[in-house]
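Written out below as structure tokens is the structure these notes cover.
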Amino acid sequence: MAVDATMPTTIKSAPATGNTTSSTDSSSKTTGIADNFQTFLTLLTTQLQNQNPLDPLDTNQFTQQLVQFAGVEQQLKSNDQLKSLIDIEKSAQSTQALVYVGNNVAVDGSTAQFDTSATWNFQTEKDTTATITITSSTGQTAFSGTYPLKQGNSSFVWDGKGNDGVQWPAGTYTMSATGKDSSGNSVAISTEVQGIVDSVDLTASPPLLSIGGERYTTDKIKRGGGPTSPPS
């Protein structure tokens, strides 16, 4: 009966015979299988002892097994390198996120936090007449109006006053915008929320930027500027 040693399930390192002070350092690394030559010899000897005398393994099979051991070892080392690259990438993401703290940025979205003002950006493919509606977190219409928008980018800053002139309280407000061209055809309008990044959550993966109580990943940022207040 031949023993297949090409796919070992559990391999234990041979007992240490010398200085054991390095055991603590090595415990944090991935255990190799080809690094321990004694283990390989034990597997090889066991295979020789239990092979079929009438059908022994030839040297090519032994060579293939050695190559397989080396291949698995290289894969383990590659996994260690990939883990290091992931750690470096996470560190880079954290550094990138911290740069935005205190800066005025624009992110994809339609919900903004209003305190003294709230700013939304629009992008349109052509000149259009846009109907803008701002609703509170409870679904009440706080403000609505119709404005001409030029092709490209434009901004809308809300001072918190409704159509009746009453000041709305601080809170979360959502804007919707629909557009029509001169022929009455619908024009797509995309919206962005503009605000100051007040903090970064580095415990999340990827890190999350806090803008007026809402949290965004760095890939949601469309543009950014210096540490200034939103335009009025």
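None of the figures in this text is laboratory data; all of them are computed from the coordinates on show. Remember, it's a predicted structure, so these values are computed and weren't measured experimentally. Don't worry about glycine lacking a Cβ; one is built from the backbone with ideal geometry, like all the others, and counts go over all protein chains shown.
Observations
- Point-to-point label distance, N52-S190, nm (Cα→Cβ direction, 7 Å offset): 6.7 nm
- Inter-site label distance for Q96 and T131 at 7 Å from Cα along Cβ, in nm: 4.0 nm
- Entry note, segment 104-224: relative contact order of 37 percent, from Cα contacts under 8 Å with a spacing of 6+ residues.
- Ordering Y100, Y173 by the number of other Cβ atoms within 10 Å of each residue's own Cβ, fewest first, gives Y100, Y173.
- Full extension of the chain between L82 and S154 gives 21.6 nm of extra length, using 0.36 nm per residue less the Cα-Cα distance.
- In this rough spin-label picture, where each label sits 7 Å from Cα along the Cβ direction, the Q140-V72 distance is 6.9 nm.
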